[in-house]
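Undergrad: The structure's right below; bear with me while I get my questions together.
Since every read-out is calculated from the coordinates, none of them should be taken as a lab result. Computed from a predicted model, the values in this text were never measured in an experiment. Don't worry about glycine lacking a Cβ; one is built from the backbone with ideal geometry, like all the others, and counts go over all protein chains shown.
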Amino acid sequence: MRRRSSMLSIEHRTLKNEEHKTLLRRQWHFFLSWHQNPFRPIILIDYLCPLFKGMKIIIINGPNLNLLGKREKDIYGHRRFEEFLEELKGEFPDTDIAYYQSNVEGELINRLQEVDGKVDGIIFNAGGYTHTSVAIADTVKAIDTPVVEVHISNIFAREEYRHKSLIAPGTTGSIVGFGLQSYALALTSFKKTS
């Protein structure tokens, strides 16, 4: 029992202050409950889970994707993205999923650069900028973090100007046409390659 305590204390030193306090509280709960509870393995798993966090993924959505649920429902569906995001987090509980949306090209570029190296993967729906923004395409090529391009609609079944993706050559892959489930497929692709 003492050996386990000293091993966990070493792990604590590498964590941030808030995580450290949380783990100390869990450690206290763990040791108090260990001898009184017949479900010892469950307590152990609950206690150790923060030490074995899953992947960190950010979803970055471009222009007009804040209008999901209102905009062209026959193409994009009736659901708001925020509602779907909660469902997605429930479907992938071991993955830390962050979300960012902007209608501004420069803000999308800044966010891609900010998260580079701080997350395990980027799921990126550049919206209309997919077909027009050389600057975003250059950013996607320049960063080291893997990017999966996602589109809710099948861009190849729509207007001809949407058939060309400038960002696709810099991405790990593209997932198009599966509605909001395209995001879940992109998350699954990161899980399979990790």
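Undergrad: Which value in Å is the Kirkwood Rh of the range 56-193 over different Cα pairs?
TA: One over the average 1/r among Cα pairs gives 14.9 Å for the range 56-193.
Undergrad: Continuing with this model, one more query. Arrange the peptides 147-157, 162-172, 81-91 so that the one whose residues have, on average, the most other Cβ atoms within 10 Å appears first.
TA: Taking the mean over residues of other Cβ atoms within 10 Å, the ranking is 147-157, 162-172, 81-91.
Undergrad: List the pairs from Lys56/Lys192; Lys56/Lys89; Lys70/Lys192; Lys118/Lys191; Lys89/Lys192 whose alpha-carbon separation is above 23 Å, in the order I gave them.
TA: With Cα atoms farther than 23 Å apart: Lys70/Lys192.
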